[in-house]
Amino acid sequence: MRNYRRFRTLHGLVKENEQSGSYQASQAEYQQWQQDYQAAKTIRSDSRDDYQIGYDQAVNDFRSQHLFQHYPTKLIAWEAQVSDERTAEIVDYIKGYHAAEQQLTVTKF
């Protein structure tokens, strides 16, 4: 019974906020995000593969800041295995990034 009252209270708050228009801004932002995401997904201005994009980003980071980003390589590789390779592009990007990082730090000294 107590959970039912909590649910009814929550439902009342959501309904009240929805009717007052509190969620309209969030909805518009979400729709804009969806449109931007779809546009970026369908129109890829870059014909480079993910490995090369990661490699180039590491070179840019080194040139501009003399620092590199840290990516949780093992965690993302594990996630790729668990998610049936859905994050393979991220893994390739990180591999390219680390390859450039190793090359630049070796040639630095």
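Each reported figure results from applying straightforward, stated rules to the coordinates on display, with no laboratory input. Quick caveat, the model's predicted, so the values are computed rather than measured. Neighbour counts run over all protein chains shown; Cβ positions are idealised from the backbone, glycine included.
Quick notes on this structure:
- Only helices enter this figure: runs of n ≥ 4 DSSP H residues, each worth -39500 (n - 2.57), summed and divided by the residues of the chain, yield -26000 deg cm²/dmol at 222 nm to the nearest 500.
- Fraction in percent of alpha-carbon pairs per bin - 5 Å, region 47-109: 4, 20, 26, 21, 15, 8, 4, 1
- The chymotrypsin sites (Phe, Trp or Tyr not before Pro) of region 1-108 that meet both conditions, a loop assignment by DSSP and at most 14 other Cβ atoms within 10 Å of the site Cβ, are TYR23.
- For region 23-39, 3J(HN,Hα) per residue [Karplus equation, 6.51 cos²θ - 1.76 cosθ + 1.60, θ = phi - 60°, Hz, x = Gly/Pro]: 9, 5, 5, 5, 5, 5, 5, 5, 5, 5, 4, 4, 5, 4, 5, 5, 5
- Max mean-square fluctuation residue, GNM over the chain, Cα-Cα springs under 10 Å, options ASP92, ASP61, ASP84: ASP84
- Separation between Cα centres of region 44-83 and region 7-33, rounded to whole Å: 37 Å
- Placing unit charges on the Cβ atoms of the charged side chains and taking the dipole of the chain about its Cα centre, the candidate lying farthest along the positive direction among GLN19, ALA80, GLN38 is GLN19.
- Result for the chain in a Gaussian network model with C-alpha springs under 10 Å: among LYS15, LYS74, LYS95, the largest mean-square fluctuation is at LYS15.
- Label assignment, Rg/Rh (Cα atoms, Kirkwood Rh) derived from the structure, set (1) 1.35; (2) 1.83; (3) 1.24: (3)
- Dipole magnitude (debye, nearest 20) for the chain, charges at Cβ of Lys, Arg, Asp, Glu: 660 debye
- Considering only ILE53, ILE76, ILE94, the Gaussian network model of the chain with Cα springs below 10 Å gives its largest mean-square fluctuation to ILE76.
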